[in-house]
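The values are calculated or read from the model by the stated rules, or taken from the named source; none is laboratory data. Model, not experiment: these values are computed from the prediction. Note: ideal-geometry Cβ built from the backbone for every residue, glycine included; neighbour counts use all protein chains shown.
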Amino acid sequence: MKTESRISIYSLYKGVYETELEPSEFSVGQNYPNPFKEKTVIKYCVAYKTRVQITIYNSEGDEIEKLVNEVKKPGTYEVEFYVAQDSSPVKVSSTYYYRLEAGEYKCEKKMQLIK
């Protein structure tokens, strides 16, 4: 069962308490939409400050693109994978994979591009 610590922040401008949830474990969600045509969103959670990498691979295991490669603080994030018309190496309808690596956590999921 997931547990999350709460951080309350008092905003002087709004005069209200805002609550943010800090994830207690790493996770990566299924991209949406899936299947996708031009772009898709990948949501992920970081439990503690560490280097995070999200990499896209084709069905043969070749690296296509590194979407994230930086140190992240604890929190929930989203990143878009956009298939541009000319500049992207992703050209054909196929199954692709994305892999999140953060600390000791590793998780891979698949997504479907339709053109």
Where a residue in segment 49-75 is on the phi > 0 side of the Ramachandran plot and its partner, wherever it lies, is among the β-branched types (Val, Ile, Thr), with Cβ under 8 Å and at least six apart: 75/46
Any chance segment 10-22 includes a residue that's of a type outside the set (Phe, Trp, Tyr), outside any loop (DSSP other than H, G, I, E, B), surrounded by 15 or more Cβ atoms within 10 Å (Cβ to Cβ) and modelled with pLDDT of 95 or more? no
Could you tell me how many of the residues in segment 41-74 are more than 13 Å from residue 109 (Cα to Cα) and among the polar types (S, T, N, Q)? 3
